[in-house]
Amino acid sequence: MNHFAVMLTLLRDRPTFLDEIRRNIKIERKSVSLLVSSCLFFAIYGAIIGSSSSWLQAISSAIKLPALYLITLVICLPTLFFFDILFSSKLGFSQYFVLLLTTMSTISVLLFSFAPITLFFLISIHDYGFFLLLNVAIFALTGFVGTRLFYNGMQQISNYSQPLIASELSPYEQIQDEEPRRLPDREQTSKRLVMATDASTVDQTTLAKKDDLYATRVRLLKFWLVLYALVGSQLGWTLRPFFGAPEETFQLFRAIEGNFYSTVWRTFLSLLGFN
Amino acid sequence: MHSRLDDLRITTDDLDTLTGLDISDTFMGRAVRPSVFRAPKRLMSFVLSEIITLGLIVIFCLPASLVIAKSIPGFNDSTPNTIQFLQISIGISLSIFALWNGFIWLRSNALKTLAHLLDDVDKHNEIIDALQVLDELTAVQNTSTLGVNSTSPLENRADVLQALSATRESLVCGLMTERVLRKHQRSLARRHDLFTNIETNLATLQSLQLNHAANDYGHLLNDALQIGMSVRHEIEQLK
């Protein structure tokens, strides 16, 4: 099994990995490997946080934590895909799926790297509130780093796509694009200047449109990241308990009450002694 | 010496490019290689893949069902409810797993030719491995009997290499042909249907033309028959 080799390639050489996704190279193998390895890392971390309560909770959390990220991905993927293709993205659905899996994998690896620290605090401090907040902080940090890398990756892919877009430009546009790359002789330059002058108005409009399109896609991506965070946190709240409250028997699920943010705030206040 | 042998080897990357599928020891794209059941090591790998697949399906289905179940009025965390929920969601997971396996077997049956070719590729690579071992053994023997006039145990090595080169060429050609045929299977089948339709239409036209030869529509039907025969002639040339 070389699923972890694919994950290591992603971690070691992210730009090449993203470029391969853009060029649709071995997408299926990448998606399976990333899915398997990230689910395993999430399951391990889930089992650790669940073990703070009982072994049943550990098993439950080992299933729920990978599912939390996987279901969030499934819920949010169509929005990203359809909005992006609406604004001239050339990538396919499977490519978007793998791109999101890279985010999921990065988060899973980061969580896994935090596992010894979590385990240390689990053994040394028997404070449910502290353990809860520590993990909220870890999840927030890993989530932020993961989505930040995804954001950079999407921009990198958009930048890579520029030559592809250039090949679809009109001859006038291509000439303007080629200008800085070579040193043309005087005759060529004069010919091009004539053509460029004729088409300058068209070029300016097209380039401005492309810039607008790119800016819109970036704005949409930012909006989507907020959506991803909201869906993830709400789904986490719906799937709880992940930790299992002390002095309580094992529960597979809890009734929906309150929301994620108010509970974190209340726990934070009580930890500071305000409650 | 070894680089020549390495050039003769058909690597996984070569196979991926030639077949257009992800090829591994156990899978060819989304289909299982029949050779899995002949080698215990590959069988183990396949069983592990199946366990992982089932695990992933459970990981997805169980919490997803939980989210849905929680929105159903009257659903609470009582023991009978929980047991019923687990039964249903695990049942759904197993059904999806069974469907997935059914799909894999269907795909495997459709790719029998490719599976045979891949087995041949494995045999080809095994011969290269054996040749490499022989080369290394020869090198060791030559070092130990340095100064003594020794001959290679594989005196017809050049012939073996030539044979392997020819095998490689045939395999590559076979894989490429299989890919082309697989890719155009649908259009080939469609062309056959098209031809059958044309034959049927032509027969209808002929019978109509015979029935109405004496009346005013006779020449129109004759024209239609001529067009039909012309189309059949064109399609026959394509076949």
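Couple of notes before you dig in:
Each row is one residue, and each column tells you yes or no for (1) crowded, with 18+ Cβ neighbours inside 10 Å; (2) over 22 Å from B:Arg9 (Cα atoms); (3) modelled with pLDDT under 90.
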| site | (1), (2), (3) |
| --- | --- |
| B:Ser49 | yes, yes, no |
| B:Val58 | yes, yes, no |
| B:Ile68 | no, yes, yes |
| B:Pro73 | no, yes, yes |
| B:Phe85 | yes, yes, yes |
| B:His116 | no, no, yes |
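- Flag if B:Ile96 is touching a residue at least 12 places away in the same chain (Cβ under 8 Å), among the β-branched types (Val, Ile, Thr) and surrounded by fewer than 17 Cβ atoms within 10 Å (Cβ to Cβ): yes
- Subset of segment A:243-268 that is at positive phi and loosely packed, with under 15 Cβ neighbours inside 10 Å - its residue that is nearest to the other protein chains (Cβ to nearest Cβ): A:Gly258
- Look at (1) within 12 Å of chain A (Cβ to nearest Cβ); (2) among the hydrophobic types (A, V, I, L, M, F, W, C); (3) part of a helix (DSSP H, G or I) and you find that B:Leu21 fails only one, number (3).
- The single residue among B:Ser89, B:Ser49 that is assigned to a helix (DSSP H, G or I) and either at the interface with chain A (Cβ under 8 Å from one of its Cβ atoms) or under 21 Å from the mean Cα position of the chain (by Cα) (or both) turns out to be B:Ser49.
- For B:Leu181: the one exception among (1) closer than 21 Å to B:Arg4 by Cβ; (2) modelled with pLDDT under 85; (3) aliphatic (A, V, I, L, M): (1)
- Residue among A:Phe120, A:Phe17, A:Phe93, A:Phe83 that alone is surrounded by fewer than 16 Cβ atoms within 10 Å (Cβ to Cβ), closer than 15 Å to A:Met154 by Cα, more than 14 Å from chain B (Cβ to nearest Cβ) and aromatic (Phe, Trp, Tyr): A:Phe93
- Candidates in segment B:24-46 are the residues that are surrounded by 12 or more Cβ atoms within 10 Å (Cβ to Cβ) and in a helix (DSSP H, G or I); of these, the one that is farthest from the chain's Cα centre (by Cα) is B:Met44.
- Among (1) surrounded by fewer than 16 Cβ atoms within 10 Å (Cβ to Cβ); (2) within 13 Å of chain B (Cβ to nearest Cβ); (3) modelled with pLDDT of 90 or more - the single one A:Glu28 does not satisfy: (3)
- Checked against the criteria, B:Arg9 does not count as within 18 Å of B:Glu178 (Cα to Cα) and either away from every other protein chain (no Cβ under 11 Å) or in contact with a Pro (Cβ under 8 Å, 6 or more places away or on another chain) (or both).
- A:Leu239 being touching a residue at least 24 places away in the same chain (Cβ under 8 Å) and within 11 Å of chain B (Cβ to nearest Cβ): yes
- Looking across segment B:7-40, just one residue is in contact with a helix residue (DSSP H, G or I) (Cβ under 8 Å, 6 or more places away or on another chain), without any contact (Cβ under 8 Å) to a residue 60 or more places away in the chain and under 27 Å from B:Leu137 (Cβ atoms), and that is B:Asp25.
- Of the residues making up segment B:54-67, those that are more than 9 Å from chain A (Cβ to nearest Cβ) and closer than 14 Å to A:Val36 by Cβ are B:Leu54, B:Ile57.
- Residue match in segment A:48-56 (condition: buried (at least 21 other Cβ atoms within 10 Å of the Cβ), at the interface with chain B (Cβ under 9 Å from one of its Cβ atoms), farther than 27 Å from B:Thr19 by Cα and at pLDDT 90 or above): no
- Filtered by the rule that a residue be touching a residue at least 40 places away in the same chain (Cβ under 8 Å), more than 10 Å from chain B (Cβ to nearest Cβ) and crowded, with 22+ Cβ neighbours inside 10 Å, segment A:31-45 gives A:Leu34, A:Ser37, A:Ser38, A:Phe41, A:Tyr45.
- Condition check for B:Asp16: in a helix (DSSP H, G or I), surrounded by fewer than 18 Cβ atoms within 10 Å (Cβ to Cβ), within 10 Å of another protein chain (Cβ to nearest Cβ) and within 18 Å of the chain's Cα centre (by Cα): yes
- Within this structure, B:Pro63 passes the test of being assigned by TED's automatic domain parsing to the domain that holds B:Ile128, part of a helix (DSSP H, G or I) and farther than 30 Å from B:Leu134 by Cβ.
The values are calculated or read from the model by the stated rules, or taken from the named source; none is laboratory data. Treat the numbers as computed from the prediction; the structure is a model and nothing was measured. Please note: Cβ atoms are built from the backbone with ideal geometry, for glycine as well, and neighbour counts cover all protein chains shown.
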